[in-house]
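Here the structure comes first, spelled out in structure tokens, and everything after it is commentary.
Here, each number is a calculation from the coordinates, and none is a lab measurement. This is a predicted model, so every value here is computed, not measured. As a convention, Cβ positions derive from the backbone with ideal geometry for all residues, glycine included, and neighbour counts pool all protein chains shown.
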Amino acid sequence: MKVFSKGVLPLVALGLTAVAHAQSSVTLYGVIDESVQYVHNVAQPDGKNGNKIGLYAGNIQGNRFGLRGVEDLGGGLQALFQLENGFNVNNGTLGQGGRLFGRQAWVGLKSERFGKVSLGRQYDPVVDLVQPLTGVGTWGSPFAAPGDVDNNDNGSRINNSVKYTSPNIGGFSFETMYAFGGIAGQTGSAQTWGAAGQYSVGGLSVAAGYLKAFNAASNTARASSSTPWSGTTDGNFGAPVTSGLKTASNYGILSTALSYKFGGATVGARYSNAQYVPDAASAFRSTEIFNTAVGYLGYQVTPTMLLGAQYNYTHASGQARANYQQISLGGDYYLSKRTDLYLVGVFQHMNGDQVGVIPGSATAADYGYASAPGTGSQEIVSIGIRHKF
């Protein structure tokens, strides 16, 4: 029996194509964050300190563009992918060490019932679940710990990783991750693993997690030389507070946070313990420990205006001992849903020693992950614009 005429078949094909398109999508998105920044007490080539004024990109959010895709496979199952590039808007160069998709590059499957499994270069579970409850989750680097010692500002991503994300079960969700070191005969070398959980009820949210990362070289391979950091995680060693620790054998970060929202106000607190562990070949000899305690207050003055204030205290102990105290303030005004103007300020005071710095010589305050080394005290003010697309 002839069911379809020649005129009907093209219409059916068109309809099937429309259905297929409705079940899958690819989204282009991005953020451009740029500011004029003033920094007091910046080191100069002659050894003195001066003031610095210039453009600084990525205060509240790192600049990025990306592709996010989803395909409905039926039965509540989806295929997902995300490719996210980081860049410097001031000179057009790539971020994250020159990687094309240095922020994220992963593919996976998601089930409404069983959760999501993703593979590739990804954010770790602590960043995913703990950071959103902290001041950094809203204000970025100006509200981060010195040198981002606890990776709460997401200065480090994880390569070669497999991550499981649970569905939300009565307000509770969790993630686990393992990154393969990929070194034959040395399974543990270069590996990274972590886990985190978050629980929310009403206006209260609490979260906790742990991340452990290892240097690519084993103790045996490092017996005759200090090998700088390499592995499945990037590592945060680009700032004065951590630069002397880049020969660590491994590091571990415990992070907890809570946030409570009532009316237009948000109050929060967080604590982290970051430990950088040496081995026989490291350039430092004892475990360097950073304990960070933070108190945060945010207030939504109007639907278009947000204010934030935070006090951050970090204590370093081990081979070097130091105290960092930091006050961060922010104001954000939305011109539209996608464009906002902001003003952020940071005051930080440091006393003590840093690993890799000769005791008694000048040590540096260390703002977030993008420091401008100088004296033990710095003040930074940035006025900027952010556009999302």
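Worth a mention:
- Packing rank of 295-306, 121-132, 88-99, where each peptide gets the mean count of other beta carbons within 10 Å, highest leading: 121-132, 295-306, 88-99
- Using alpha-carbon coordinates, inclination of helix 8-23 to the longest axis of the chain, degrees: 20
- Multiplying the residue separation of Y333 and N273 by 0.36 nm and subtracting their alpha-carbon distance yields 18.2 nm.
- Hits among aspartates and glutamates - C-alpha to C-alpha of K52 under 17 Å, sequence gap 8 or more where chains match: E34, D366, E379
- Cα centroid of the range 33-108 to Cα centroid of the range 129-206, whole Å: 18
- Most to least packed among 241-254, 161-174, 307-320, 184-197 [average Cβ atoms within 10 Å]: 241-254, 307-320, 184-197, 161-174
- Secondary-structure-derived ellipticity at 222 nm for the chain, considering helices only, amounts to -2000 deg cm²/dmol, per-run term -39500 (n - 2.57) for DSSP H runs with n ≥ 4.
- Shape category assigned to the range 213-335 from the gyration tensor of Cα positions, a/c cut at 1.5: prolate
- Under 25 Å of direct C-alpha separation, and excluding same-chain neighbours fewer than eight residues apart, K337 reaches these lysines: K261, K388.
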